[in-house]
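The values are calculated or read from the model by the stated rules, or taken from the named source; none is laboratory data. It should be emphasised that the depicted structure is a prediction, and the values quoted were computed from it without experimental measurement. So basically every Cβ, Gly included, is an ideal-geometry build from the backbone, and we count neighbours across all protein chains shown.
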Amino acid sequence: MKLLKNFTAAAAILVVAALTACGAQTNQTQEQAAAPADQAGQAVTEEAGADQASAEAVTSAAAADSLTVAAVSRSVGDLWLLSGGQLAGMTEDGMDLEGITEDTQVIGTVTNPSLEAIAALSPDLVLLSGELPTHKKLAGDLESRNIPCKMISVNSFADYDAVMQELTAMTGREDCYAAAVTEVRERIDQILEEAADRDLRQGTYLALRVSATKNKALKNDYFACEILNDFGLVNIAQDNEALDELNIEAILDADPDMIFVIEQGKSDEAQGSFEENFSGKPVWKELTAVKDDHVYNLPKDFFQYKPNAKWDEAYLYVRELLEK
């Protein structure tokens, strides 16, 4: 499969000539994660079969006037824009991102991307999410058409740092890395340092991802849980197998001090499912978190979608919740 390996220094020099503008969010505070090389290897998930020929093909294309890139997810598209790149194609969920231009073409939805629309762009590179099964299938279809692609997974700030290191090396934009990562890390450190000096609420929590079709207790490998854990909270679902098959009885037995709800998909449908399965049941009121008014709906922009350049804002949001 033609999936990109790390670009060489020569490739970065060629790409920088084509890409000039930082993503519009680069004015936000960010910082360097200083992740070691082995973390960088974990952050970007590449399917087997990646070879140097793909990198050379894109390098050759970058030597022309521009590098044609398509992104099949809002989150990964945002990463490329923050790295100083431009997008020729974007799925519907990301068409409102700052940095999208009138020339950017819609290439379907994140769960149902259009192979034909992508191929019509003759892209030098297609960015995919490593977390979506439909994208893994799309990678195979792109391979059959000799279109290079790269699968990206971000499940922590360290992952985000590693991906941004790689993408900004491709665009040659060290300034974008400084703005989108280094300054954010500094803000996160400051927020956590200030949190240590404040009397923040502590205890156990349950993080629920709710949607019209499925409700799930989130474990520590979900990026939002990493943020909550950094404030000293304890994820009650991490080692509780009873919560793997989520139901109201299991939640009652666990009785967390706090409950965080993250909606997926359409908000009204997600809330309907949450009410039907949990909050609408009489026993829900018996939970400690409900009695103490410690049930929180977390905003999707920070905790469902990857916060990217706003990672520090997600940390600040949690700190302010715990101060109340």
Qualifying positions in the stretch 208-225 - surrounded by fewer than 17 Cβ atoms within 10 Å (Cβ to Cβ) and either β-branched (Val, Ile, Thr) or not in a loop (DSSP other than H, G, I, E, B) (or both): Thr213
Only residues that are crowded, with 24+ Cβ neighbours inside 10 Å, touching a Lys or Arg at 6+ places or on another chain (Cβ under 9 Å) and not in a helix (DSSP H, G or I): list them for the stretch 165-207, please. Ala207
Within the stretch 275-311, the count of residues that are surrounded by 20 or more Cβ atoms within 10 Å (Cβ to Cβ) and farther than 23 Å from Arg201 by Cα comes to 6
When only residues in the stretch 235-256 that are among the acidic types (Asp, Glu) and over 27 Å from the mean Cα position of the chain (by Cα) count, which is surrounded by the most Cβ atoms within 10 Å (Cβ to Cβ)? Asp255
Tell me the residue from Asp293, Asp301 that is without any contact (Cβ under 8 Å) to a residue 24 or more places away in the chain, of a type outside the set (S, T, N, Q) and not in a helix (DSSP H, G or I), please. Asp293
With (1) part of a loop (DSSP other than H, G, I, E, B); (2) crowded, with 17+ Cβ neighbours inside 10 Å as the list, and Leu81 as the residue in question, which single condition is left unmet? (1)
Suppose the filter is touching a residue at least 40 places away in the same chain (Cβ under 8 Å) and farther than 22 Å from Lys219 by Cα; does Ala314 pass it? no
Quick test of your reading of the structure: Gly265 fulfils all but one of (1) among the small types (Gly, Ala, Ser); (2) within 30 Å of Trp80 (Cα to Cα); (3) surrounded by 19 or more Cβ atoms within 10 Å (Cβ to Cβ). Name the failing condition by number. (3)
Report, ordered by the first and then the second residue, all pairs with beta carbons closer than 9 Å, sequence separation of six or more or different chains, a first member in the stretch 248-265 that is under 21 Å from Glu226 (Cα atoms), and a second member that is of a type in the set (Asp, Glu). Asp255/Glu286; Asp257/Asp292; Met258/Asp292; Glu263/Glu269
Inside the stretch 115-148, the number of residues satisfying the requirement of being surrounded by 18 or more Cβ atoms within 10 Å (Cβ to Cβ), of a type outside the set (A, V, I, L, M, F, W, C) and either more than 13 Å from Thr91 (Cβ to Cβ) or not assigned by TED's automatic domain parsing to the domain that holds Met170 (or both) is 4
Show the residue pairs that are 6+ apart or on different chains and have beta-carbon atoms under 7 Å apart, the first residue being within the stretch 217-241 and among the hydrophobic types (A, V, I, L, M, F, W, C), the second being exposed (fewer than 14 other Cβ atoms within 10 Å of the Cβ) and not in a helix (DSSP H, G or I). Leu233/Gln202
Can you find a residue that is within 20 Å of the chain's Cα centre (by Cα), among the basic types (Lys, Arg) and either closer than 21 Å to His294 by Cβ or modelled with pLDDT of 95 or more (or both) anywhere in the stretch 214-227? yes
Filtering the stretch 84-99 down to residues that are in contact with a strand residue (DSSP E or B) (Cβ under 7 Å, 6 or more places away or on another chain), assigned to a loop (DSSP other than H, G, I, E, B) and hydrophobic (A, V, I, L, M, F, W, C), which residue is surrounded by the most Cβ atoms within 10 Å (Cβ to Cβ)? Leu87
Every residue in the stretch 124-137 that is in contact with a strand residue (DSSP E or B) (Cβ under 6 Å, 6 or more places away or on another chain) and either assigned to a helix (DSSP H, G or I) or over 21 Å from Leu81 (Cβ atoms) (or both), please. His135
